[in-house]
Amino acid sequence: MSKPTPVFGLIDCNSFYASCERVFRPDLAKVPIVVLSNNDGCVIARSYDAKPFVKMGEPYFQIKEKLRHHGIVAFSSNYALYGDMSERVMTLIESMVPAVEVYSIDEAFADLTGIEGLDALGRQIRSRVLRCTGIPVGVGIAPTKTLAKLANHTAKRLQAQTGGVVNICDQVKRDWVLRNTDVAEVWG
Ligand SMILES: [Mg+2]
């Protein structure tokens, strides 16, 4: 029997630090927020609804007025909280797939080789992580890690159309995604 085609899943938390802060401030669910680096130096995370107004790395002292104008709430960073939330997310993912490689505080690659029903599994991971931790994630599924990253990027970019899960193991879907993506932006 030939070896099964490899399949990788990339699970990546959306706006991770901002999402962590929001879990404990449900009153800010619809309010744009940013998270600041140590000593409130500059912006290191933005909720999706803050992104149109604030760039990554903008110095806090320069944008206070802009934040106020757009009703954006700024948080000092709380790495103990993010580490704890990361552990909860990763533990959940580990309980749902055979093998996980934690890639960064908010990203993990799962080896999904030989698994049936990949789309359903992707949706299950997404909904379970959201329900149990409050953190929204995107799931990208593909035959290589690089393509899984691309699929994940598409899942987030086209959140409304994809439900946050994109599987490009299929050649036709893969070609569509490759044609419709600015690849520099994926790795930026
Ligand atoms: Mg992320």
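Here, each number is a calculation from the coordinates, and none is a lab measurement. Just so it is clear, the structure is predicted and the values come from calculations on it, not from any experiment. A quick note on method: Cβ atoms are made from the backbone with ideal geometry, for glycine too, and the neighbour counts reach across all protein chains shown.
Among Ala151, Trp176, Ile105, which residue has its Cα positioned farthest towards the positive end of the charge dipole of the chain, with +1 placed on the Cβ of Lys and Arg, -1 on the Cβ of Asp and Glu, and the dipole taken about the Cα centre?
Checking the options against the dipole of the chain, the answer is Trp176.
For Lys3 and Thr181, compute 0.36 nm times the residue count separating them, minus their Cα-Cα distance, and round to one decimal in nm. Don't skip to the answer; put the middle values down first.
Working: separation 178, 0.36 × 178 = 64.08 nm, distance 3.07 nm.
Gain on extension, Lys3 to Thr181, equals 61.0 nm.
Given N residues in segment 13-102, what is its alpha carbon radius of gyration divided by 2.2 N^0.38 Å?
Values: Rg = 14.5 Å, N = 90, 2.2 N^0.38 = 12.2 Å.
Relative to the 2.2 N^0.38 Å estimate, segment 13-102 comes out at 1.19.
Using only the alpha-carbon atoms, how far is helix 79-96 inclined from the longest principal axis of the chain? Give it as 0 to 90 degrees, nearest 10.
20
Once the cut-off is 14 Å, how many percent of the Cα-Cα pairs in segment 65-109 end up in the long-distance tail? Intermediate results must be reported in sequence, preceding the final value.
Values: 592 of 990 pairs.
Roughly 60 percent, once rounded to a whole number.
Let me know the charge dipole size of segment 1-68 about its Cα centre in debye, to the nearest 20, where only the beta-carbon of Lys, Arg (+1) and Asp, Glu (-1) is charged.
Working: 10 positive and 7 negative charges, 28 e Å.
The calculated dipole for segment 1-68 is roughly 140 debye.
Kindly put Arg25, Arg131 in sequence by how many other C-beta atoms sit within 10 Å of each C-beta, fewest to most.
Numbers: Arg25 12, Arg131 9.
Ranking Arg25, Arg131 by Cβ neighbours within 10 Å, fewest first, gives Arg131, Arg25.
Looking at segment 17-78 only, what percent of DSSP beta bridges run antiparallel? Nearest 5 please.
Working: 4 of 8 bridges.
The antiparallel proportion sits near 50 percent.
So which GluC sites (Glu not before Pro) in segment 84-188 pass both tests, a DSSP loop state and at most 11 other Cβ atoms within 10 Å of the Cβ? Working shown, then result.
Numbers: sites: Glu87, Glu94, Glu101, Glu107, Glu116, Glu185; in loops: Glu116.
Sparse-neighbourhood loop GluC sites (Glu not before Pro): Glu116.
What percent do you get for the relative contact order of the chain when only Cα pairs under 8 Å and 6+ apart count? It would help to have the intermediate numbers written out before the result.
Working: 324 pairs, mean separation 49.1, N = 188.
Computed over the chain, the figure is 26 percent.
Would you work out the relative contact order for segment 17-78, in percent, from Cα pairs under 8 angstrom that are 6 or more residues apart?
Numbers: 94 pairs, mean separation 23.4, N = 62.
Value for segment 17-78: 38 percent.
Count of lysine pairs in the chain with Cα atoms under 15 Å apart, counting only pairs 8 or more residues apart in sequence or on different chains? Provide the component values of the computation, followed by the final result.
Values: Lys30/Lys51; Lys51/Lys66; Lys51/Lys156; Lys55/Lys64; Lys55/Lys66; Lys149/Lys173.
Lysine pairs satisfying the spacing and distance rule in the chain number 6.
Using 10 Å bins from zero, what percent of all Cα-Cα pairs in segment 123-188 falls into each bin?
Going from the shortest bin to the longest, the percentages are 23, 53, 21, 3.
For the chain, give me the percentage of DSSP beta bridges that are antiparallel, rounded to the nearest 5 percent. Mind dumping the intermediate values first?
On the way: 20 of 27 bridges.
If we restrict to bridges inside the chain, about 75 percent are antiparallel.
Rounded to the nearest Å, what's the spacing between the alpha carbon centres of segment 138-184 and segment 123-137? Just the number, please.
19
Given H placed on each backbone N at 1.01 Å, which residues far from Phe8 in sequence or on other chains put an amide H within less than 5 Å of it?
For Phe8, whose amide H was placed from the backbone, the distant partners under 5 Å are Leu112, Ala142, Thr144.
How big is the Kirkwood radius of the chain, worked out from every pair of different alpha carbons and given in Å to one decimal? Walk me through the numbers before you get to the answer.
Details: mean 1/r = 0.0576 Å⁻¹.
The Cα-based Kirkwood calculation yields 17.4 Å.
Before rounding to the nearest 500, sum -39500 (n - 2.57) across all DSSP H runs of length at least 4 in the chain and divide by the residue total; then give [θ] at 222 nm in deg cm²/dmol. Please report the intermediate quantities before stating the final value.
Working: 8 runs with 84 residues, N = 188.
One gets -13500 deg cm²/dmol as the mean residue ellipticity at 222 nm.
Which one of Phe53, Ser76, Ala18 has its Cα pushed farthest toward the positive end of the charge dipole of segment 17-78, where Lys and Arg give +1 and Asp and Glu give -1 at the Cβ?
Phe53
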